[in-house]
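See below for the structure under consideration.
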């Protein structure tokens with residue numbers, strides 16, 4: 001029997017941060033003549049994605065993180081990326097109905113930090129969750 005799951009959110013994993021990407025390519029003809037838009041569909045936000053972290057609740061007792069990444073050994077820009085499941089337990093934390101929303105938010109932050117340590121030299125885009133994690137009623141979402 002499968003445990004019930006509920007997806008909380010997803011975070012994009014990039015090959016490098018937007019700042020280092022722009023530093024690398026700024027002033028090159030790659031940007032100036034529209035090559036990146038014409039052949040790759042845009043610049044950093046979509047082309048540098050190499051994976052996704054999906055945060056979800058498994059059976060009301062665990063916060064789990066599923067990691068999908070591109071199926072290539074060499075991570076480079078391409079329009080035709082295919083993402084495959086690396087693992088559905090990239091990070092796991094136990095939770096319970098006794099925890100407050102703030103404590104659950106802290107567990108989620110711990111998961112994000114652990115994922116960052118495991119994904120060395122990669123950039124996890126946390127802009128959205130950083131602005132919403134403390135104001136979200138995690139307890140009512142999960143339980």
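The values are calculated or read from the model by the stated rules, or taken from the named source; none is laboratory data. This structure is a prediction, so every number in the text was calculated from the model and none was measured. Please note: Cβ atoms are built from the backbone with ideal geometry, for glycine as well, and neighbour counts cover all protein chains shown.
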Checking residue 53 against (1) at pLDDT 90 or above; (2) part of a helix (DSSP H, G or I), which single condition isn't satisfied? (2)
Taking residue 10, is it outside any loop (DSSP other than H, G, I, E, B), surrounded by 18 or more Cβ atoms within 10 Å (Cβ to Cβ) and modelled with pLDDT of 90 or more? no
Give just the number: which of (1) surrounded by 12 or more Cβ atoms within 10 Å (Cβ to Cβ); (2) within 23 Å of residue 16 (Cα to Cα); (3) touching a residue at least 12 places away in the same chain (Cβ under 8 Å) does residue 84 not satisfy? (1)
Can you say whether residue 63 is surrounded by 12 or more Cβ atoms within 10 Å (Cβ to Cβ), modelled with pLDDT of 85 or more and over 21 Å from residue 6 (Cβ atoms), as far as the supplied structure shows? no
Give the number of residues within region 93-117 that are in contact with a helix residue (DSSP H, G or I) (Cβ under 8 Å, 6 or more places away or on another chain) and either closer than 15 Å to residue 57 by Cβ or in a helix (DSSP H, G or I) (or both). 11
Mind listing whichever residues of region 66-86 are farther than 30 Å from residue 4 by Cβ and at pLDDT 60 or above? 72, 73, 80, 81
So, residue 111, is that one within 18 Å of residue 6 (Cβ to Cβ) and modelled with pLDDT of 95 or more or not? yes
Report, by residue number, each residue of region 118-142 that is closer than 13 Å to residue 53 by Cβ and in a helix (DSSP H, G or I). 118, 128, 129
